[in-house]
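The structure appears right after this line, and notes come after that.
The values are calculated or read from the model by the stated rules, or taken from the named source; none is laboratory data. Quantities reported herein were computed from a predicted structural model and do not represent experimental measurements. Cβ sites come from the backbone with ideal geometry, for glycine too, and all protein chains shown count toward neighbours. All accessible areas refer to the heavy atoms of the entire protein, side chains included, with ligands and DNA or RNA removed. Shrake-Rupley method; radii C 1.70, N 1.55, O 1.52, S 1.80 Å.
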Amino acid sequence: KAIRQAMVALLRDRFYEGYRRHMKNGYYPIPDREVMRDIYEQYHALGGNGVITHLMEELDELPTYDNH
């Protein structure tokens, strides 16, 4: 149980790190989308709650390239 909880915590931390970076940059490249989607799915598969679902939806609204 402790290992699962630790993995959930690590995945959540990694997700938040990526979320902050992409929101700051204002875009979300396709390769990063694939990685973040995998983190998101594994987080939930291990029993993580829905807190990051809203953040994933925000990321999905970003363009895939830098518009500047």
Quick count over segment 35-46, residues being open to solvent by 50 Å² or more (accessible area, probe 1.4 Å) and in a helix (DSSP H, G or I), is 7
Taking segment 48-68 and the residues there that are open to solvent by 60 Å² or more (accessible area, probe 1.4 Å) and not in a helix (DSSP H, G or I), the one that is nearest to Arg12 (Cα to Cα) would be Asn49
Filtering segment 11-34 down to residues that are loosely packed, with under 13 Cβ neighbours inside 10 Å and assigned to a helix (DSSP H, G or I) yields Asp13, Glu17, Arg20, Arg21, Lys24, Ile30, Pro31, Glu34
